[in-house]
Amino acid sequence: MQFICDYAANGALNAVWFYLPAIVANAFPFFLYKVIGYEIPIDQEKKIGKQNILGKRTFGGFFAMLIGALIIGVIQGRTIESVYLGTGAFFGVLINSFIKRRIGIKEGGSLLIFDQIDYVAGATLFYISAYQLDSTVFVFGCIVSVIYHPIANYLLNKVDMKNLLKRFVK
């Protein structure tokens, strides 16, 4: 039993370390939404039916994600890898947004599980285009993301982070 616990803990820690640039990238647009040209939509507000193609995804959000990933990448000594992970995370979120709009889920609506792993899947796809990755890191990355993502959202809502940030960034 101890072996299983050690294996799971080690796998989770390795996944968090590996995906940390993508994890931070996924959160960074929330913290920089007032600072970086957040208002320019990637889809130029073009619609399919009544829904924007990509929801409210913006160029500012992309650059915020890239900056967040790069900060962690520099700290970890993995700058180039962090570009792959941050860019991939963004495209994972874009694909999720596109799918949600096509199946009628409005902006802010939930697509269970995929909302928690979209950025991990995107980061992985971009990363493996240039590097090798052990599949257990991906599996543990998805598991960790499914667990931590709702907890982080709950805590951010509990402290009303959005209104708190509005006071500091004008």
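The values are calculated or read from the model by the stated rules, or taken from the named source; none is laboratory data. Keep in mind that what you see is a predicted model, and the values were worked out from it rather than measured. We place every Cβ from the backbone using ideal geometry, glycine too, and count neighbours over all the protein chains shown. Ligands, DNA and RNA are excluded from the accessible area calculation, which covers all protein heavy atoms including side chains. Shrake-Rupley method; radii C 1.70, N 1.55, O 1.52, S 1.80 Å.
Odds and ends about this structure:
- Filter pass, Ile23 being modelled with pLDDT of 80 or more and open to solvent by 80 Å² or more (accessible area, probe 1.4 Å): no
- Any pair with Cβ under 8 angstrom, 6 or more apart, that starts in the stretch 74-85 at a residue that is more than 15 Å from Ala64 (Cα to Cα) and at pLDDT 95 or above and ends at one that is open to solvent by less than 40 Å² (accessible area, probe 1.4 Å) and of a type in the set (Ser, Thr, Tyr): Val74/Ser82; Gln76/Ser82; Glu81/Tyr127
- Inclusion of Leu156 among residues that are assigned to a helix (DSSP H, G or I), surrounded by fewer than 20 Cβ atoms within 10 Å (Cβ to Cβ) and modelled with pLDDT under 80 is warranted.
- Number of positions in the stretch 65-110 that are open to solvent by less than 50 Å² (accessible area, probe 1.4 Å) and among the aromatic types (Phe, Trp, Tyr): 1
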